[in-house]
Structures are given as C-alpha cells and as structure tokens.
1. Can you pick out the pairs among Lys198/Lys271; Lys400/Lys444; Lys368/Lys444 whose Cα atoms lie more than 22 Å from each other?
2. Amide H to amide H under 5 Å from Leu128: which residues, 5+ apart in sequence or cross-chain, H placed 1.01 Å off N in plane?
3. Amide H of Leu240 versus every other amide H placed in the peptide plane: which residues, excluding those fewer than 5 positions away on the same chain, fall under 5 Å?
4. At 1.4 Å probe size, with every protein chain present, just tell me what the per residue accessible area of the range 349-475 comes to in Å².
5. Taking only Cα atoms of the range 270-361, what ratio of Rg to Rh do you get with Rh as the Kirkwood inverse-distance radius?
6. What's the center-to-center distance, using Cα atoms, between the range 12-47 and the range 200-274 in Å?
7. Taking a spot 7 Å from the Cα of Gln454 along the direction of its beta carbon, which residues of the range 391-405 have an amide N less than 18 Å from it?
8. Considering only DSSP beta bridges with both partners in the chain, what is the antiparallel share in %, to the nearest 5?
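The values are calculated or read from the model by the stated rules, or taken from the named source; none is laboratory data. As the structure is a prediction and not an experimental result, all values here were calculated from the model. Ideal geometry is used to build each Cβ from the backbone, glycine not excepted, and the neighbour counts take in all protein chains shown. To get the accessible areas, we keep the full protein, side chains included, count just its heavy atoms, and leave off ligands, DNA and RNA. Shrake-Rupley method; radii C 1.70, N 1.55, O 1.52, S 1.80 Å.
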Amino acid sequence: MQEILKNELSIEKSRPGRRGVRFEKAQKPADAYVPQAYLRKTAPNLPQLSEFDTVRHFTRLSQQNYSLDGQFYPLGSCTMKYNPKAYDVLSVLPGFANAHPFAPESAVQGTLELAYNLQELLKKVTGLSAFTLQPAAGAHGELTGILTARAYHDAHGGQNRTEVIVPDTAHGTNPATANMAGYTVVNIKSAPNGCVDKAALKAALSEKTAVVMLTVPNTVGLFESEIREIAELVHGVGALLYMDGANFNALIGLAKPADFGVDIMHLNLHKTFAAPHGGGGPGSGPVGAAEHVAPFLPHPMVSCVNGKYTLADNRPESHNRMKAFYGNMAVVIRGYCYLRQFDGKTLKEIAENAILNANYVRACLKGKFNAFFDRNCMHECVLTPPDPHATGVHTSDIAKRLLDYGFYAPTIYFPLIVPEALMVEPTETENKDMLDAFVAAMEKIYDEIKTDPQVVKEAPHTQPVKRIDEVSAARQPNLRW
Ligand SMILES: *Cc1c(COP(=O)(O)O)cnc(C)c1O
C-alpha cells in the first residue's frame, strides 16, 4: 500500500503558529513574576502542533509499542507480573502523593505506618529479621546488600575479605555490583545440571571471601536444590550468603530464604509485588538481613516506638544511607497492597502457578524447542531453537517472528551459558488459553523453520520497523536524526 501519511517526528510535523490551546494574553508582563535576568530571550524550539496532531502523534507511537496491556509479555528474568490497576489508584491517594518529603513525622504517620507494616510483611514472607525499603531498584538493593556485608565484615575483623564469588548463572547485575563495591569478582562455573558446582565453590572459597551471591531461582530458571549445603560451606569460611530474590514469585509462600541460610537478600517490588516496571523506573528493591547482619543495614529504617512511627532509628553500626528520603513510596504502597490482598495460602498458589505455567510451556514445546536443562524448572524455562546451524534460523529470527503473531519476544541470548537461549517466563497471571496460543505460535514457527525458513529469517513482516541493517549500523552509524 502506498503511504500517504508520513511517519514523521513531532518536530518535522511542526508548522509555525499551530497551537493546541490558545490562552488570552497575560495581564501582567512575565517579569512581574520572574526577574528579567532569568527570562529567556528567544522562544524554545518546540514543535508547533495542533491538539489533534499531538494526540494522534503520541497515540500512534503508543500503539506501535508492545506492553502488558496489549500483549502476552513472556520476557524471562525481568518480566512484569501482576500489575493490578486498583493499586495504581491507591498509590496516588492524595494523602500519600501530596506528602512533602520534609514533612515532620507527626504529619506523615500513615505513610510511615504503611512502610513499617510492609517491612514487617516482608520479614514474614522471607523469615529474615529486618528490611529496609530504601533501595530504588534491584541492582541498587544488591549494592545496598554488599555494602551492608562490608560493614558487617569491618565490624568483625574481616577487612582482608576482598572477594565476592558469583556463579555463571547469576543475574548480570550481581558481578557488576560486587565490582562496583570494590570487590574482586570470582566467577565459578555451573555443574552440568545447571546448579552451583559445589566442588568449584569449595575450591573458590577462602578466608578472602566476603560474600557469595546466588540468584535464586538462578537465571536458567532452576532452584539451587543444595542451597542448605552451599550455605554451610559459605558460613564455614566466615563469608555471608547473599540471595538475589528479584524473582521471588517462584518462591513466595513456598519457602523462606532465612530457613536455608541466607544472610542478606533483595526483592524487586517492581517485579513480584505488583508494581509495573520498564522504561527505567521508578522501582524498589528492599533489602532484608538475618539477625546478625541487620544492625548494619543502611540508616534510616522505620521503627515503631510507643505506638509512633519514626525514622529516627538508633543503629550506630549502620553503614549510612543509600537514597534521599525513604524509598520510592508509590512502589512501596503497591507492594503493601499486594501482601495485604493475599493470605499465605494464596501466595503459595501464586508461586505454584508461576512454576506450573513455565513447566507447561516447556512440556508443550518439548521435541520442538527443547529446554537446555531437561528437568523441571521454576518460574521460567530456557528453550533452544531446533538445530540453528543446519536450518540457519537463529533465536533472534524466532523472536522477531513472534512479533508477527502478536506476542512480545522472550528474553534472548541470556543467560550467557545457554547458546541461542530463548528464556520464557509466562508468569502466574496468564491463563491456559494464552499459554496455548503462545505454544501454537511457537509450533507454527517450528513448521516454518522446516518448510519456509526464509519467512522466519526476514521477520518481522507486520511491524512498523522491519529488520535493521546491522552491518551498516555498525560500519556507518548515523547517530543523529
Ligand atoms: C531484574 C533483576 C535484577 C535487577 O533489578 P533492577 O530493578 O532492574 O535493577 C537483578 N537480579 C535479577 C535476578 C533480576 O531479574
């Protein structure tokens, strides 16, 4: 079809004098409000558009995007799970949204009470002794956790502990965090079953080890079934066990990390606990600690003294604060709503459904897209394409072809230890109809790989942006529009 309407930037659509809304000229000159020295001399170079131009421009852009509101979104490891609209409304109730950050504690008792109660609920679901809601993201939580571990070691004569051990199935932020905190990262390879290789761990552990960081479930979607023994080995050399619990929807209600020896962990409220994420935030990565490490968590934390909620906690060993004020409250409120809405039995069902859905997809696609580790997985499964070297059809082609069928692509080429990885996390919130539709699309793509591989290799065919020319993009990058 010949294109008549051009796909232009808003600045290209601009015509001098076009306006959305016209106001009467102000009665007083601008310098009645702003000193002359601060007034701009020339008008800003903004697009001049009518209201229709503007609304249609942004509506069209939004429709070219994939989102949870529009499509199945099986992005492994980082997917958006349950994001009820009702919590969005609650998180912006005026009493919360209009609270001034410098308001005296007596004026924000409700906000502090909610934060305190969430700390208590997170303690309950993890078994840990204390939680801070300060960190603004998962990776920020990791940094908070590692600095907390350092404060702990400093107080226990562990200044010579300079290493952090990270298995190759960890989330990429784990080694980055340890490095950023000034530690030497010691990488260990996984065993053939996709879990930590205990012999490799033993060989790496020493009195130089500060922390072992485990992603649980790990990034191949597997539970570290020997985590108790691992914790014993870690504690045996005086190190601390850190758990990356960003994807806690696989464990919530089923297991408490404190019971298997975790000393410090973070959660992602903007993954498991109902807050939407994407586009860079805001997020919330609360960090919990076992009793012996809790005094070292950053200052401040909400406590309750004689029925009053306060940030004036008295913890002299705390390693300092990680963020101005106390956490991203709008995300904290959603997490609180989530844990208040569901009782322990329902939380367990959430984890069971997350696990069931991932295993359903894995089992349905077996023989076509096999799981790299052919065993039961947790909340996500890591699939591989059928013989990419023989067919010439690679994971990126399959991801692009899925867009043609109306599905957002899974995470691809991650985790790094799985060649041509397709990492699918259906989440607990999708029903069987949607899972069956996804499986049907994957089966169709499988047939295409066998009969008409070119159609997959040239996908997407239905999207506003087709294949980019990757060679030219690398050789002759055009960095300005
Ligand atoms: C998403 C994720 C992180 C990082 O969380 P951010 O909020 O994006 O910083 C860390 N670990 C795991 C396992 C994750 O899935």
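1. Details: Lys198/Lys271 30 Å; Lys400/Lys444 14 Å; Lys368/Lys444 10 Å.
The answer is Lys198/Lys271.
2. Residues meeting the amide H criterion: Ala258.
3. Val211, Val212
4. 46 Å²
5. On the way: Rg = 16.6 Å, Rh = 15.9 Å.
Using Cα coordinates only, the ratio equals 1.05.
6. Result: 56 Å between the Cα centres.
7. 391-394, 397-398, 401, by backbone N distance to the label point.
8. Working: 17 of 34 bridges.
Looking only at bridges with both residues in the chain, the antiparallel portion is about 50 percent.
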